[in-house]
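The structure appears below as structure tokens.
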Amino acid sequence: MTVFADGTKERLHGHNYTVAVAIEVERVDVAAMIPFAPIKAAIAELCAAWKERVLLAGGNPWFEVVRDGDELEFRLCGARYVMPRGDALLLPIDNVSVEALAAHAAALLRDRLIALGLPHAVALEVTVEESPGQGASCAVELRG
């Protein structure tokens, strides 16, 4: 449910998001090859965490957790919701939008890629689409 600046929101609905990742490299020779297996694993973990969950923006000013136990009870823009806790994923973002999801995913994947120590990787771009052609990208540097 995307929330708008005036405090109104979309109705609860679902998406089948797609995530694409591009890595900018400074060289393409054999010595600079990037191992894709750990990158694919990091993307798979991210997608598995989001799959079949209600994504909630924990940093949204109109979002309030009322109760968090076996069930999650929350208010968003004045409306009350209760759902099984396992069906909800609270994200440290201020809105559930492709822009915010792309930025969040880019930050998570950036940290994983930096930990891999890929000396020839320069930048990372993550694109999240909610339908073909309707999405947003976020690019981040992989160096200092």
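Read the figures in this text as sums done on the coordinates, not as results from a lab. Predicted model only: the values in this text are computed from it and were never measured. A quick note on method: Cβ atoms are made from the backbone with ideal geometry, for glycine too, and the neighbour counts reach across all protein chains shown.
Listed values, structure above:
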| read-out | value |
| --- | --- |
| Sorted peptide list for 38-44, 76-82, criterion being average Cβ within 10 angstrom, highest first | 38-44, 76-82 |
| The chain, helix-only ellipticity at 222 nm - DSSP H runs n ≥ 4, -39,500 (n - 2.57), divided by all residues, nearest 500 | -8000 deg cm²/dmol |
| Selected from Leu56, Ala103, Gly86, residue furthest toward positive end of dipole (the chain; charges at beta carbon) | Gly86 |
| Relative frequency of Cα-Cα separations exceeding 23 Å in the stretch 1-132, percent | 42 percent |
| Under-5 Å amide H pairs with Val25, H placed in peptide plane, nonlocal only | Val122 |
| Cα long-axis angle, helix 98-116 against the chain (0 to 90 degrees, to the nearest 10) | 40 degrees |
| For Ala88, residues with placed amide H under 5 Å, excluding near neighbours | Val54 |
| Helix 36-50 axis, angle to the chain major axis (alpha carbon atoms, nearest 10°) | 0 degrees |
| Distance in nm between pseudo-label sites at Asp6 and Glu26 (7 Å out along the Cβ direction from Cα) | 5.0 nm |
